[in-house]
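To keep things clear, I will list the structure first and then write my remarks on it.
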Amino acid sequence: MWAVEGIFVSEPYILVLYYSRHGSTRQLAKLIARGVESAGMTARLRTVPAISTVCEATAATIPDHGDLYCTLDDLSQCAGLALGSPTRFGNMAAPLKYFLDGTAALWLNGALCDKPAAVFTSTSSLHGGQESTLLTMMLPLLHHGMVVLGLPYREAALHHTQSGGSPYGASHWAGNDSQRPITADEQALCLALGKRLVQFARK
């Protein structure tokens, strides 16, 4: 057992929280989770519901398929966080931003302070805003007092990737139809990011 803000949980876990529209970001999330678990820590995959411009529209509490929706408890009790979103005009997608906008209570009590965090993204075009999306996703994490991790250049894949991958976080070039497969370099960087989160969570 270990304690987080006075709450005892059974074992530490890295929360891999993402929003995915066509599945590419979810694939990255699963690879990062694999990296986490290969380093000996549990990964908890969570997503957020889509949002609607129709005010009366609501999502079911539990999605029909895929990963469960994230709760504030999932977030507050994590040992570390990997946050992922597809790119929307060089920024994170609205559903993920909407969820983060609802975390003020955690900010007020410092629930996420000093925990490691990392970011990941997917774009349809190679120069479609991967790095700006990664950088802007870091901002709310910094406000929460998290310790933001990137990918160091000791990762060989950073030196020769021809698609996704950045020192700011893991990324994927999905193609205009979102069907482009994840490359070996992109996969290696996702695994490395998951492992790095565990390394710092243990510290």
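See the values below:
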quantity: Test set (1) closer than 21 Å to Arg26 by Cβ; (2) open to solvent by 50 Å² or more (accessible area, probe 1.4 Å); (3) of a type outside the set (A, V, I, L, M); (4) modelled with pLDDT under 95 - Lys97 fails condition number; calculated: (4)
quantity: The stretch 159-193 - residue that is aliphatic (A, V, I, L, M) and touching a Gly at 6+ places or on another chain (Cβ under 6 Å) and, of those, least open to solvent (accessible area, probe 1.4 Å); calculated: Leu189
quantity: Residue match in the stretch 138-152 (condition: in contact (Cβ under 8 Å) with a residue 60 or more places away in the chain, closer than 29 Å to Ala104 by Cα and within 15 Å of the chain's Cα centre (by Cα)); calculated: yes
quantity: Every residue from the stretch 86-122 that is β-branched (Val, Ile, Thr) and either touching a Gly at 6+ places or on another chain (Cβ under 6 Å) or more than 17 Å from Leu142 (Cα to Cα) (or both); calculated: Thr87, Val119, Thr121
quantity: Answer residue from the stretch 29-50, given it is free of Cβ contacts under 8 Å to residues at least 60 places away in the same chain and under 15 Å from Tyr18 (Cα atoms) and is most open to solvent (accessible area, probe 1.4 Å) among those; calculated: Lys30
quantity: Residue in the stretch 122-145 that is crowded, with 20+ Cβ neighbours inside 10 Å, under 22 Å from Val198 (Cα atoms) and among the β-branched types (Val, Ile, Thr) present; calculated: no
quantity: Among (1) over 15 Å from Thr25 (Cβ atoms); (2) free of Cβ contacts under 8 Å to residues at least 60 places away in the same chain - the single one Thr133 does not satisfy; calculated: (1)
quantity: Breaking point among (1) loosely packed, with under 11 Cβ neighbours inside 10 Å; (2) at pLDDT 95 or above; (3) not hydroxyl-bearing (Ser, Thr, Tyr), for Phe8; calculated: (2)
quantity: Residues located in the stretch 93-116, provided they are without any contact (Cβ under 8 Å) to a residue 40 or more places away in the chain, of a type in the set (Gly, Ala, Ser) and closer than 20 Å to Val148 by Cβ; calculated: Ala104, Gly110
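The values are calculated or read from the model by the stated rules, or taken from the named source; none is laboratory data. On a predicted model such as this, the values are computed, not experimentally measured, just so you know. Note: ideal-geometry Cβ built from the backbone for every residue, glycine included; neighbour counts use all protein chains shown. For accessibility, only protein heavy atoms count, side chains too; no ligands or nucleic acids. Shrake-Rupley method; radii C 1.70, N 1.55, O 1.52, S 1.80 Å.
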